[in-house]
Amino acid sequence: MVWYNYVMGKLLTPSIVRKLTQTSGIYANKRLGQNFMVDSSQVEKIVRLANVVDADNILEVGPGLGSLTAGLLNAHAYVVAVEIDGKLSSMLKSTLQGLGHNIENLKILHADALMLKHDDQLEQCNKLVANLPYNVGVPILITLLTRFAALNEALVLVQAEVADRLTAEPGSKEYGIPSAKLAYFGVASQSAVVPRSAFWPVPHVDSKLVKFTRYTSSPFCLNNNSVSQDDVFALINLAFSARRKTLKSLLVADGYGLDIVQCALESLQIDLLARGETLSIHNFVKLASILKNSDV
């Protein structure tokens with residue numbers, strides 16, 4: 001279906017969204033974490049903060065009805081939109097055509113973002129700009145940064161509390177697995193608050209934009225290159241598996257010898273009573289390297 005009858009511009013408005021959903025029988029799926037953006041001013045803000053230019057190849061996850069997709073196409077970017085909902089993915093192209101967009105710059109993938117396979121168009125995407133599904137935003141972000149090295153920037157919209165966890169500093173109560181793993185790839189900061197009124201249905205929480213920039217070169221100073229991302233992430237998972245326990249006790253329980261653990265922590269000037277929440281990503285990487293190259 002094409003929505004020429006109700007289009008007043010190139011961005012979706014609340015009235016267009018209402019007619020789209022009524023006509024197509026689309027309802028936000030809570031299981032998929034869907035909340036459709038209906039505030040065009042917020043869409044324009046996201047595109048502006050993402051510094052989208054014509055040369056950009058944008059990866060968008062969860063386009064939904066196409067609110068943000070329309071804004072990205074307005075900026076003359078090439079967009080690969082990944083939508084897990086088959087009904088939404090099948091109507092996205094006609095919706096955007098109805099809004100007057102040239103869809104030659106759009107590729108739609110009906111797929112789970114957590115299961116994306118490598119292909120040429122995905123490999124060329126240099127920015128992730130997305131209103132991520134509320135329930136799986138963190139796994140999607142970490143998975144995509146792991147799988148697609150060309151993604152050197154991201155601007156993602158997530159629940160406010162998720163944004164706080166992604167950008168938390170070591171030692172804070174919000175610091176944990178999401179913030180430590182994201183810091184492995186680059187630098188993240190909060191960019192703006194997006195009110196709950198910008199969505200339909202209206203969620204029970206506000207959202208925030210998180211801006212991310214990948215390191216241009218590794219900031220981790222190691223004597224060897226034998227430690228992998230998997231090694232570092234396994235250590236992070238272990239360190240936060242029981243927040244009240246010390247890192248030393250968790251490592252010993254995981255099978256490392258007490259002498260090796262104490263020696264490793266002392267070499268990095270980490271307190272023997274320290275918990276995982278106090279370690280920076282630099283210390284996680286260095287500790288993972290030392291432990292991997294020690295005799296367990």
Query raised in the report: Restricted to the range 273-296, and to residues that are over 32 Å from the mean Cα position of the chain (by Cα) and either more than 18 Å from ASP230 (Cα to Cα) or modelled with pLDDT of 95 or more (or both), which residue is surrounded by the most Cβ atoms within 10 Å (Cβ to Cβ)?
Result: LEU273
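Residues are listed down the side, and each one gets a yes or a no for (1) modelled with pLDDT of 65 or more; (2) surrounded by fewer than 18 Cβ atoms within 10 Å (Cβ to Cβ); (3) outside any helix (DSSP H, G or I); (4) of a type in the set (Asp, Glu):
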site	(1), (2), (3), (4)
GLN22	yes, yes, no, no
GLN42	yes, no, no, no
ILE46	yes, no, no, no
ASN51	yes, yes, yes, no
ASP54	yes, yes, yes, yes
Report task. Would you check if ILE270 is of a type in the set (Val, Ile, Thr), surrounded by 13 or more Cβ atoms within 10 Å (Cβ to Cβ) and part of a helix (DSSP H, G or I)? Result -> no
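For residues in the range 217-237 being among the aliphatic types (A, V, I, L, M) and more than 17 Å from ARG165 (Cβ to Cβ), which is surrounded by the fewest Cβ atoms within 10 Å (Cβ to Cβ)? Even if it seems obvious, please write down each step before you answer.
Let us first name the residues in the range 217-237 that are among the aliphatic types (A, V, I, L, M), namely 222, 227, 232, 234-236.
This time we only want the ones that are more than 17 Å from ARG165 (Cβ to Cβ), so: 222, 227, 232, 234-235.
Working: LEU222: 13, VAL227: 21, VAL232: 22, ALA234: 15, LEU235: 26.
Top of the filtered list is LEU222.
Scan the range 89-97 and give yes if some residue there is over 20 Å from SER15 (Cα atoms), polar (S, T, N, Q) and not in a helix (DSSP H, G or I), otherwise no. Break it down into steps so the answer makes sense when it comes.
Going residue by residue through the range 89-97, those that are over 20 Å from SER15 (Cα atoms) are 89-90.
Okay, now just the ones that are also polar (S, T, N, Q), so 89-90.
This time we only want the ones that are not in a helix (DSSP H, G or I), so: none.
No, that holds for no residue.
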Query raised in the report: With (1) farther than 11 Å from PRO63 by Cβ; (2) out of contact with any His (no Cβ under 9 Å at 6 or more places or on another chain) as the list, and ASN131 as the residue in question, which single condition is left unmet?
Result: (1)
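Conditions tested, residue by residue: (1) more than 17 Å from PHE212 (Cβ to Cβ); (2) free of Cβ contacts under 8 Å to residues at least 40 places away in the same chain.
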| site | (1), (2) |
| --- | --- |
| LYS87 | yes, no |
| LYS93 | yes, yes |
| ASN105 | yes, yes |
| CYS125 | no, no |
| VAL129 | no, no |
| PRO139 | no, yes |
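The values are calculated or read from the model by the stated rules, or taken from the named source; none is laboratory data. Bear in mind that the values here come from a model prediction, so they are computed numbers and not experimental data. Positions of Cβ are backbone-derived with ideal geometry, glycine not excepted, and every protein chain shown enters the neighbour counts.
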